[in-house]
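Right, one structure below, let's go through it.
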Amino acid sequence: MARPKARFSRQSRLVVVSNRLPVTFRRGPRGPESYRSTGGLVAAFEPTLEEHGGVWIGWPGTEFDSEAGFKELGDQYAIEPVPISRTELKRYYHGFANRTLWPLFHSLPTQTVYHLQDWQTYCEVNERFADVTASLTKRGDSVWINDYHLFLTPSQLRERKPDTSIGFFLHIPFPPYDIFRLLPWATEVLLGLLGSDLIGLHVKGYTRNFLECARRHLGAHVDRRRGIVEFDGRSTRVAAFPLGIDFDHFESLALSAPSGDHPVGEQIVLGVDRLDYTKGIPQRIHAFSRLLERYPEHRQHVTLLQVAVPSRSEVAEYRQLKREIDELVGRVNGRFATATWSPIRYLYRSVPQERLAALYRDAHVAIVTPLRDGMNLVAKEYVTCQVANPGVLVLSMLAGAAETMREAILVNPYDVEGTALALHRALTMPWKEREKRLDALRARERSSNVHVWAKSFLDSLSGAHELAEDLQVAATS
Ligand code: ADQ
């Protein structure tokens, strides 16, 4: 008889493991100070942690090296810091995670560096995460490990706690085999991940890549239809769980946030990104410049508002990108600006969420054109905040979000001419068509929100854990 579909049990506690904790600690004038993060992951995990109890394990932020003041922070659930020294941070985080795995997994192999020492420190830090997690995990708990900083932790934890239910979610793309196999430690990464009962990726394309890598690189037995990898007597389920956002939260911010101060009649094309070379900011500026060149009717009327939040400035490639963007903005403004209009307004800073919601709401077009992106939440936040005059989303076909957000205008971000044309189409699109596309986009984001995502991952994890246990019992009996 078919077993009923497993559900995340009421008795299970949740153990969330991620590189960063949902709070950052800094040394203030009166001792350690803490700041709560408001990111997507906090919205995803907090409701479950508060309902079921549990613990969030992670690194508390660069400048904090003492444990004082941690324990009282978790109100409904505990917070457990994993200490990382300055040298380790340099090798594990800025080095292996952000200069090896990040560019390679975004299919940018020429930007990728491979250093043995970085890899060794990455292994040691992953081991520490596994130790801390094992010491806090009780029987019946579900452990949810996040992202490319912790590829080895699932199997390291499995060695310490063989019966634990372990899920892993990757927030960036999983690359095709021909890219993945460039990594000198490709085998170790696959073996690390296969310690999980369930591996979640954003979209189906990445699950196909993972299954292909497991089959070709390890020789694992792969059932593509069911998304199951069998290797070394264990089974792991691999499936797509497209991440959503906290729709109600963003919508209500957009409904209540005060208006900005744009000149009347000005059309805004909005870009919002971390300053990262995967986000395609220079290519986008070239496309905007081409728009003004080819369709001069937009001059004086359309402004590109680019908001870039500083990111990873310890890494040389990011500092170089900052200089490149500064120069490009200067060049385009120098070429097209008049006494009363500048074509590009560029803000290099983080913006509070309420202000961000107003920017999204008031923009006529959002330009979201990464060269590669796991999902991209900015595209989702934009359509959610469109509560007044319907705007148009111009979206890179190389973002995971493009797999579901089909009513956007999809572009190849490397195609400057094509992106300029798409911008022109977006700026001149009739109201009825904008409304129709936006209604469909918003309806999907409303129903596939972050809470649905978390529940569906945890329910699947229960099922995958049962399946893995059944297989092991069968193999040993
Ligand atoms: P990111 O690469 O950070 O995330 P993204 O999904 O776009 O990319 O999320 C960025 C977040 O930062 C958004 O919530 C946005 O509101 C916020 N943000 C951006 N610029 C900001 C600014 N100037 N001020 C304030 N906030 C700003 C990684 C992967 C993505 C994947 C997510 C989640 O690279 O592909 O979608 O994780 O899995």
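The values are calculated or read from the model by the stated rules, or taken from the named source; none is laboratory data. Just so it is clear, the model here is predicted, and its values are computed rather than measured. For neighbour counting, all protein chains shown are included, and Cβ atoms are generated from backbone atoms with ideal geometry for every residue, glycine included. The accessibility values were calculated without ligands, DNA or RNA, using every heavy atom of the protein model including side chains. Shrake-Rupley method; radii C 1.70, N 1.55, O 1.52, S 1.80 Å.
Using only alpha-carbon positions in region 134-205, the gyration tensor eigenvalues give semi-axes of 24, 14, 9 Å once each is multiplied by 5 and square-rooted (largest first).
Evaluate the charge dipole of region 103-246 about its Cα centre and quote only its size in Debye, nearest 20, assuming +1 on the Cβ of each Lys and Arg and -1 on the Cβ of each Asp and Glu. Let's see the in-between values first.
Details: 16 positive and 16 negative charges, 107 e Å.
The calculation lands at about 520 debye.
If you place +1 on the Cβ of every Lys and Arg, -1 on the Cβ of every Asp and Glu, and leave all else neutral, what size is the dipole of the chain about its Cα centre, to the nearest 20 Debye?
Details: 59 positive and 56 negative charges, 146 e Å.
Its charge dipole is roughly 700 debye.
Less than 19 Å apart at the alpha-carbon level, and either on another chain or at least 8 residues along: which lysines does that give for K138? Partners found: K71, K161. Judged by the mean number of other Cβ atoms found within 10 Å, the most tightly packed of the peptides 246-256, 392-402, 95-105 leads the ranking 392-402, 95-105, 246-256. Above 40 Å, the calculated P(r) of the chain contains 22 percent of its Cα-Cα pairs.
Close amide H contacts of E407 (hydrogens built in the peptide plane, cut-off under 5 Å, sequence separation of 5 or more or a different chain): none are found. Surface composition of the chain: carbon plus sulfur atoms hold 50% of the accessible area, using a 1.4 angstrom probe and ignoring ligands, DNA and RNA. Normalised per residue, the accessible area of the chain is 43 Å², obtained with a 1.4 Å probe and no contribution from ligands, DNA or RNA. Only protein heavy atoms count here; under a 1.4 Å probe, T207 has an accessible surface of about 20 Å². Which of the listed residues, F151, T100, S135, is farthest toward the dipole's positive end in region 100-203, when Lys, Arg count +1 and Asp, Glu count -1 at the beta-carbon? Farthest towards the positive end: S135. In summary, the aspartates and glutamates within cross-link reach of K380, defined as a Cα separation below 17 angstrom excluding same-chain residues under 8 places away, comprise D246, D248, E251, D273, E354, D362, E403, E407, E435, D439, E445. Compare the Cα positions of M375, L211, H298 along the charge dipole of the chain (+1 at Cβ of Lys, Arg; -1 at Cβ of Asp, Glu; about the Cα centre) and return the one farthest towards the positive end. Highest projection toward the positive end goes to H298. Each listed q (0.12, 0.14 Å⁻¹) maps to a log10 I(q)/I(0) for region 247-394, found by the Debye formula over equal Cα scatterers with no solvent: -0.49, -0.68. Taking the Kirkwood radius as Rh and the Cα radius of gyration as Rg, region 321-477 has a ratio of Rg/Rh equal to 1.12.
Okay, helix-only estimate at 222 nm for the chain: each DSSP H run of n ≥ 4 adds -39500 (n - 2.57), divide by all residues, round to 500 deg cm²/dmol; what do you get?
Details: 15 runs with 188 residues, N = 477.
My calculation for the chain gives -12500 deg cm²/dmol from helical runs alone.
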